[in-house]
Amino acid sequence: MDVKNPYVRLRELCGVSQKGFATKHSFGKMTMVYLESGMYTRVSDRQSIALGRECNEKGVDAHEVLREEYGATSLNEAYLVWRSEDRKLRAPGVLAKAAPPFVGDEETSPVAQFVKDTAGSLQGFCKLLKVPSITMTRYIRG
């Protein structure tokens, strides 16, 4: 079974689109993309409060959903467990296609080539592995 990101699950239970939620609570598009794809290491207080307010307004019992569907007592606990499980589920299939040893030259970083060969793009690779793109950019640049 493919379990959803708990943040996405609660937002959807409130009947709000990603864009509508971002606009209402003054979040940028990339904030929502990173949060909902699991690239953040935790849900910030501001993100948690916004979702809590939305759940309260719409009559969604977030604590009950987290307890019943995720076995968690907090949003961050559920988010971290989901993030880890999602990475374990999705990453091996893509990374199995990689063919080390890494190759590169003066123009192309071996890590950049690996990223391109496995996921097609830096953003795709980072979304898959839940790694901030700035971290991978640093590795690629040396």
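The values are calculated or read from the model by the stated rules, or taken from the named source; none is laboratory data. As the structure is a prediction and not an experimental result, all values here were calculated from the model. Keep in mind that these areas ignore ligands, DNA and RNA; they rest on the heavy atoms of the full protein, side chains included. Shrake-Rupley method; radii C 1.70, N 1.55, O 1.52, S 1.80 Å.
Taking the Cα atoms of the chain, the ratio Rg/Rh between the radius of gyration and the Kirkwood radius comes to 1.06.
Could you give the length gained on full extension between E36 and T73, defined as 0.36 nm per residue of separation minus the Cα-Cα distance, in nm? Please report the intermediate quantities before stating the final value.
On the way: separation 37, 0.36 × 37 = 13.32 nm, distance 1.93 nm.
Length difference between fully extended and current span is 11.4 nm.
Taken over region 40-83, the alpha-carbon convex hull comes to 62 cubic angstrom per residue.
Subtract the Cα-Cα distance of K19 and K88 from 0.36 nm times their separation in residues, and report this length gain in nm to one decimal. Write down the numbers at each step before the final one.
Details: separation 69, 0.36 × 69 = 24.84 nm, distance 2.82 nm.
Working it through step by step, the gained length comes to 22.0 nm.
Excluding ligands, DNA and RNA, what is the solvent-accessible area per residue of the chain at a probe of 1.4 Å, expressed in Å²?
Working: 8560 Å² over 142 residues.
I get 60 Å² per residue for the chain.
Note on region 1-77: Kirkwood radius taken over Cα pairs, Stokes-Einstein applied at 20 °C and 1.002 mPa s, translational D equal to 171 µm² s⁻¹.
Expressed as a whole percent, the accessible area of the chain that falls on carbon and sulfur atoms is 54 (1.4 Å probe).
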